[in-house]
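Note sheet for the following structure.
What follows is calculated from the coordinates using simple rules that are stated; it is not laboratory data. Source: prediction; values computed, not measured. Using ideal geometry, Cβ is built from the backbone for each residue, glycine included, and neighbour counts are taken over all protein chains shown.
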Amino acid sequence: MRIASAWGEVSPTAPDPEFGDFKAVVQHPQFEVVLICDDGATLTAVEAWRFEDDDADVQVTFSGRDIFRTPARQLVHILTEEGNSVGSLDEDEEPDAEETVFPEIALLLSRDTSREVPMDPEDDLPLYFHYAILAPGGYFEE
């Protein structure tokens, strides 16, 4: 947690008694990151939230692409063109344009937001992704 404090104020949560997981929210003036420790001790996933100010001096990249400034449908197209398949958190459901999962690279991207944001006229969803979770391979298959 000492390293995360360089990003901003760290607010740890108590482990969940049912699941044993532990989370620490790192608040920066321009963005928020959540560190997830599923076993209560080992970092297992990182969740990043899109900044509120489009002019924020923050860039969150994956494979060299800004995941919060590249239009969502374009980013999904790029990642699938690179050979990544789109899945679903529930294997019995079809992939969802609002919450996109790339199981092989353990990346979840979501357009879900309660804020007023630019909308994509093609699918009437937010134009950009608003949070991302990156985890080790197989994380979303458990």
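Hey, fewest Cβ within 10 Å first, where do Ile67, Ile36 land in order?
So the residues, fewest neighbours to most, are Ile36, Ile67.
Between Ala56 and Glu104, what is the label-point separation in nm under the 7 Å Cα-to-beta-carbon projection?
Computed distance between label sites Glu104 and Ala56 equals 3.0 nm.
Tell me the Kirkwood hydrodynamic radius of the stretch 59-132 in angstroms, computed as one over the mean inverse distance between distinct C-alpha pairs.
Here the Kirkwood hydrodynamic radius works out to 12.6 Å.
Which of the peptides 123-133, 106-116 is most tightly packed, and how do the rest follow, judged by the mean count of other Cβ atoms within 10 Å per residue?
Per-residue Cβ counts within 10 Å, averaged per peptide and sorted highest first, yield 123-133, 106-116.
Tell me the label-point distance for the pair Glu116, Ser85, using the 7 Å Cα-to-Cβ offset, in nm and rounded to one decimal.
4.2 nm
As an exercise, use a Förster radius of 22 Å and the Cβ-Cβ distance of His28 and Arg65 to find the FRET efficiency, rounded to the nearest 0.05.
FRET efficiency, His28 to Arg65: 0.55.
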